[in-house]
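Below: one structure, written as structure tokens.
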Amino acid sequence: MTRTVIWILIFSLSVIGQTLKAEDGAGIPSEKSAKRLFEEARDFGKRSESNPASDALPPRASKVERIVTQKEFAANSAALLAARKDLTLTDRHYLGMLYWIAGDLSNAETSLLRSLAAAELDAEQKQLSRSILVIINAKQKDFDVAEQLLSAFSAAKPLRASDAFRLESEISVAYQAVGNITMAIPHAEKALKSATAIFAEQRISETAVDQLLEAGLHLFELNQAAGNKNKAVAALEELRNSAQIVEAPVAYYLATDELVKYLIDIGEKNTALKIFEDARIGGISGFQNQGTRDDLKQRLDRREIHYSLLGEMPNPLVDVVKSINGETITLDQLKGKVVLLDFWATWCGPCIEAFPTLRTWHEQFNGDLEIVGITRFYGFAGAKYVNAVQEFEYLKSFVSEQKIDYRILVSDGIANQLRFGAMNLPTAVLLDRSGRVRYIEIGTSGSRLIELRKKLVELIGEK
């Protein structure tokens, strides 16, 4: 079994599959070997892709439907195999693999543990079983068993860096999920070491860069939570250096951005701004490609005003001429609460996508959080050019349709957007209870909303 097949099997159950017909489960011949049943489930999507005209999913089938289809196929095969009498330990290995694909972690664990004693299994198969068992026990927060299995897995030689990276990362994330940062950090350090080894061998590989970025940011996050300033900074500096070597501007930017924000947040703004300026000069010049330098400079330039605002008291809002869902209000009047300023527009799709989440937070953190949506007159409503009176009526109707119950301020001009570096929409700004800017980010996505909520909860918890 190749390395690629092993890790695709372990970490990606989203293989595109064919439609599972009613006869598929009952029609699998009972004389098929356990290995054959497993291989058919493993290669389920490949068969569909090779013969798209026969049993492929309908064109509009969702990714979720495709995942469920493969899992159902594997579950049917597992049920047929489990019903047989006198299964060998090797058969139980393949049964465990079927349960794994089907998402049945409990039965997968039972079968794979029993099969480890099979003399017929080769070293690759046993390592595959151990790796899956490490993941299962980490997910189930059974850390003693996961650690024992990881030790056994790591003792096998040669140990591939890609395998070590994924398993160390898995256990580290599981420890982090239960708040055990002390135990998470050593595994994160090993994951970064493995990612660095992969990176050294495959510098031009996008996957290797992604793994290095993932490992470095995770280790930084853990050390940040633990208050290990020097180690947190070191993790980000290593990322910056490595990203520069392989001309990876996004990785360099993300590591620099995290480093600057972190240092500002712990009260070392002068150091943070010096690192920022050095990045805009020395950091950019270290990249050989002109297009890469231009892209990186644009990303960094856009953040300059944000860094200058972080940790500071912002200038007051200006040119606010209208308010929806309440009276006009100043930022000073909101001190004592955490304030989320949401810069948005009716024509901004990502802004609209964030509204349901903002409404939920407004209700959930009532009394501690004040959300203020900030938009301005653009001179049109939908596809029609309108005057300010007509546009305000349109805004009121729009806010009502979106069921927004928090305050919306309407400005006559772009001064507020310029003051907060919010020319790209949406832009979210968080002020702590004292009124200081503690967070500014552009755009929205699932991960960005998670990040925003995390910072929001942190600020609400501060005295």
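Quick notes on this one:
- Unique residue being open to solvent by 70 Å² or more (accessible area, probe 1.4 Å) and on the phi < 0 side of the Ramachandran plot when the list is Ile284, Ile266: Ile266
Residue-by-condition table, conditions (1) closer than 21 Å to Arg302 by Cβ; (2) over 27 Å from the mean Cα position of the chain (by Cα):
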position: Cys348; (1), (2): yes, no
position: Gly373; (1), (2): no, no
position: Ser397; (1), (2): no, yes
position: Arg433; (1), (2): no, yes
position: Arg436; (1), (2): no, yes
position: Ile450; (1), (2): no, no
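- Among the residues of segment 79-129, those that are among the acidic types (Asp, Glu) and modelled with pLDDT of 95 or more comprise Asp104, Glu109.
- Residue selected from segment 130-152 under the condition open to solvent by 70 Å² or more (accessible area, probe 1.4 Å) and charged (D, E, K, R), by the criterion farthest from Ser172 (Cα to Cα): Asp144
- Failed item in (1) at pLDDT 95 or above; (2) farther than 19 Å from Ala428 by Cα; (3) not in a helix (DSSP H, G or I), with Leu340 passing the rest: (2)
- Checking Glu268 against (1) under 17 Å from Glu304 (Cβ atoms); (2) modelled with pLDDT of 95 or more; (3) among the charged types (D, E, K, R), the condition it does not meet: (1)
- Selection count, segment 242-272, where residues are of a type in the set (Asp, Glu), farther than 15 Å from Gly216 by Cα and part of a helix (DSSP H, G or I): 1
- Hits in segment 415-463 (condition: within 18 Å of Gly267 (Cβ to Cβ), open to solvent by 60 Å² or more (accessible area, probe 1.4 Å) and not in a loop (DSSP other than H, G, I, E, B)): Glu458
- Selection count where residues are open to solvent by 50 Å² or more (accessible area, probe 1.4 Å) and not in a helix (DSSP H, G or I), scope segment 67-103: 5
- Verdict on Glu363 being under 29 Å from Ser447 (Cβ atoms), touching a residue at least 60 places away in the same chain (Cβ under 8 Å), in a helix (DSSP H, G or I) and within 35 Å of the chain's Cα centre (by Cα): no
- Only one entry in Ala255, Ala279, Ala232 is crowded, with 18+ Cβ neighbours inside 10 Å, touching a Ser or Thr at 6+ places or on another chain (Cβ under 8 Å) and modelled with pLDDT of 95 or more, namely Ala279.
- Test result for Arg160, touching a residue at least 40 places away in the same chain (Cβ under 8 Å) and exposed (fewer than 15 other Cβ atoms within 10 Å of the Cβ): no
- Set Val250, Val246: member being open to solvent by 50 Å² or more (accessible area, probe 1.4 Å) and within 26 Å of Ala200 (Cβ to Cβ): Val250
- Residues located in segment 327-346, provided they are more than 25 Å from the chain's Cα centre (by Cα) and among the charged types (D, E, K, R): Glu327, Asp332, Lys335, Lys337
- Residue within segment 372-386 that is among the aliphatic types (A, V, I, L, M), part of a loop (DSSP other than H, G, I, E, B) and either under 30 Å from Lys269 (Cα atoms) or out of contact with any Lys or Arg (no Cβ under 8 Å at 6 or more places or on another chain) (or both) present: yes
- Filtered by the rule that a residue be part of a helix (DSSP H, G or I), touching a helix residue (DSSP H, G or I) at 6+ places or on another chain (Cβ under 7 Å) and under 22 Å from Ser434 (Cα atoms), segment 290-337 gives a lone residue, Tyr307.
The values are calculated or read from the model by the stated rules, or taken from the named source; none is laboratory data. Please read these numbers as outputs of a predicted model, since none were measured by experiment. FYI the Cβ positions are ideal-geometry reconstructions off the backbone, even for glycines, and counts take in every protein chain you see. To get the accessible areas, we keep the full protein, side chains included, count just its heavy atoms, and leave off ligands, DNA and RNA. Shrake-Rupley method; radii C 1.70, N 1.55, O 1.52, S 1.80 Å.
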